[in-house]
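Chemist: The structure that follows is given in the form of structure tokens.
Nothing in this text is a laboratory measurement; each read-out follows from the coordinates by a stated rule. Because the structure is a prediction, the values reported are computed rather than measured. Neighbour counts run over all protein chains shown; Cβ positions are idealised from the backbone, glycine included.
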Amino acid sequence: MGTAVVLGAGFAGLLAARVLAAYAERVVLLEQDDPHAGSRRGVGQYNQVHTLLPGGRGLIERWFPGFTQEAVELGAPMLHSSQIGAYFNGVRTVSAPTTDLLCASRPFLERHLRDRVAQLSAIRIVTGRAEGLEFTDGAVAGVRYRAEGRSHFLASDLVIDAMGRASRLSDWLDDAGWPRPPLRRVTTGINYATGYFRATSIPDDLLAAIAHFGPDHSDGSTTSAAVNMIEDRQWMVVLAGLGQHRPGRDLDDFVARCRNDLPPIFRTAVGGEPVGDILRYHQADSRSRDFTAIASPARVLSVGDAVASVNPVYAQGISSAALHAACLADYLADRPDLTEPFDRFFRRQRLVVDAVWQVATATDSARAGHRRPMAERIRTWILNQTFAAAATNAQVAESLNLVTSLFAHPDTLRRPALLARTLRTNHRGRGSGRIEIPDAQAL
């Protein structure tokens, strides 16, 4: 390619640009927000808790060797699985060895990744707002954008839409007479509240934890919570509730919930001086656009949240973006004809989207009361059974962790031998009072 243009310089755009740098003479990253600003208008949850899952970190490390070690040298803690606690319905689950985490805020990780991308000679980052596409003979010919108060046009051989949940590509396609990709939604009604606190001391045991509560165990006031030790000796703590439940409306409420309703590490985290105000974020739904269902023009495709954006509680956004970039790398390695629609790419990407969607929307669909096909209800039931068994069975926990870390597809949880182990574990656990087991009536 001569010129490739990436719309959006978040994680999805930065990683797509890295892939394109191996195939294009010039890659232009077009980003509307000032990369040096403390917040980003296009990312409502910018300063909320983010987690780089091991599956995504492995891909980033492949494209940017030494990324993890450099982040650690800059101050991001690298936590071993023994330093990370996981709780389901208030019960501590057994540790899985693949849960090692690089813990840092999103601004820290994004800045570090952007610095590595900027070192590539083929890539140029431009501050400007994309305003539309130009089409010629069934293909995208370039991008119209506005920068420094003037309108510009940039001819391109390929355009990557990495504009996130607010992507305008569907509107642009519709305006040009192309079909809009079907949009599926699952209500989340998730309310986030994130607080930062100075660490008065560094514990010897736990430095991060996540707590999930199933639909039958929570009234919605706090459905999930997470705490991480991050750069600059800070604790980053998030509480999540549903619907009208907005945990952490103010600092006093936030601290009280951490002290009274959650595992001890949360109490430790909020014991230090708060850094800034409690930050809130609301997401109405998870959404996914199906580009495999339409005839689309050549020379344009979408990655990251522009394709699928799910409940942030499951921390899959950054690593999903990395997997989308891996699909792009796999596709371009075949030297495709860019004058043809990217059907093969979208089919590959769809495997990733559906895998993440299964995990992220299973509980949300049940909570929202959606009518679901029997196959989907069975998958949800198996997933809930697996979460319950993972509390006490190390082998089940390891298999589940491979899925939630985006190393393995959720269908692996349905393998006969593993499913049998899961059900035996839960059968033995009934009546113990330690775990709540979802039964077949949930179907």
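Chemist: Quick one: length gained pulling Ala141 to Asp253 fully straight, 0.36 nm per residue minus the C-alpha distance?
Modeler: Values: separation 112, 0.36 × 112 = 40.32 nm, distance 5.30 nm.
Result for the pair: 35.0 nm of gain on full extension.
Chemist: While we're here: Please give the length that would be gained between Gln69 and Ala166 if that part of the chain were fully extended, namely 0.36 nm times their separation in residues minus their C-alpha to C-alpha distance (nm, one decimal).
Modeler: Contour length minus the Cα-Cα distance gives 31.6 nm.
Chemist: If you don't mind, there's one more thing I want to ask. Putting +1 on Lys and Arg Cβ atoms and -1 on Asp and Glu Cβ atoms, find which of Trp178, Gly248, Cys103 reaches farthest to the positive end of the dipole of the chain.
Modeler: Towards the positive end, the residue furthest out is Gly248.
Chemist: Another question about this same structure. On C-alpha positions alone, give me the angle between the axis of helix 11-20 and the longest principal axis of the chain, in degrees, nearest 10.
Modeler: That helix lies at roughly 50 degrees to the long axis.
Chemist: Under 15 Å from the Cβ of Val5, count the other residues' Cβ atoms, weight Lys and Arg +1, Asp and Glu -1, and hand me the total.
Modeler: Details: positive: Arg18, Arg26, Arg124, Arg129, Arg144, Arg146, Arg168, Arg299; negative: Glu25, Glu31, Glu131, Glu134, Asp157, Asp161.
Neighbour charge sum, excluding Val5 itself: +2.
Chemist: Order the peptides 281-290, 70-79, 51-60 from the highest to the lowest mean number of other Cβ atoms within 10 Å of their residues. Kindly include the intermediate steps, with their values, before the conclusion.
Modeler: Details: 281-290: 18.1, 70-79: 16.1, 51-60: 22.6.
Ranked by mean Cβ neighbours within 10 Å, highest first: 51-60, 281-290, 70-79.
Chemist: Classify the chain as rounded, prolate or oblate, taking a ≥ b ≥ c as the square roots of the eigenvalues of its Cα gyration tensor: rounded when a/c is under 1.5, otherwise prolate if a/b is larger than b/c and oblate if not.
Modeler: Working: a/c = 1.84, a/b = 1.43, b/c = 1.29.
Cα axes put the chain in the prolate bin.
Chemist: Still on this model: Please compute the contact order of the chain in relative form: average sequence separation of alpha-carbon pairs under 8 Å and at least six residues apart, divided by the residue count, as a percent.
Modeler: Taking the mean separation of contacting Cα pairs over the length of the chain, I get 20 percent.
Chemist: What does the net charge come to around Asp157 if you take all other residues with beta carbon closer than 10 Å to its beta carbon, with K and R at +1 and D and E at -1? Let's see the in-between values first.
Modeler: Values: positive: Arg26, Arg299; negative: Glu25.
It works out to a net charge of +1.
Chemist: Starting from the Cα of Asp290, step 7 Å along the direction of its Cβ; do the same at Ser121; then give the gap between the two resulting points in nm.
Modeler: 4.6
Chemist: Taking amide H atoms as placed 1.01 Å from N in the peptide plane, list the residues 5 or more away in sequence, or in a different chain, whose amide H sits under 5 Å from that of Val6.
Modeler: Val28, Leu29, Leu30, Ile160
Chemist: Here's another thing I want to ask about it. Which length gain, in nm to one decimal place, applies between Arg377 and Ala394 when the Cα-Cα distance is subtracted from 0.36 nm times their residue separation?
Modeler: Gain in length upon complete extension: 3.6 nm.
Chemist: Okay, moving on. What is the sum of charges, Lys and Arg at +1 and Asp and Glu at -1, for the other residues whose Cβ falls under 12 Å from the Cβ of Asp277? Let's see the in-between values first.
Modeler: Numbers: positive: Arg249, Arg280; negative: Asp250.
Result for the neighbourhood of Asp277: +1.
Chemist: Also: Expressed as an acute angle from 0 to 90° and rounded to the nearest 10, what is the orientation of the C-alpha long axis of helix 54-63 relative to the principal long axis of the chain?
Modeler: 30
Chemist: Let me ask you something else. Do the sum for the chain: with -39,500 (n - 2.57) for every DSSP H run of n ≥ 4, divided by all residues, what is the mean residue ellipticity at 222 nm, to the nearest 500 deg cm²/dmol?
Modeler: Details: 12 runs with 147 residues, N = 443.
Computed mean residue ellipticity for the chain: -10500 deg cm²/dmol.
Chemist: So how tilted is helix 343-368 from the main axis of the chain? Cα-based, degrees 0 to 90, rounded to 10.
Modeler: 30
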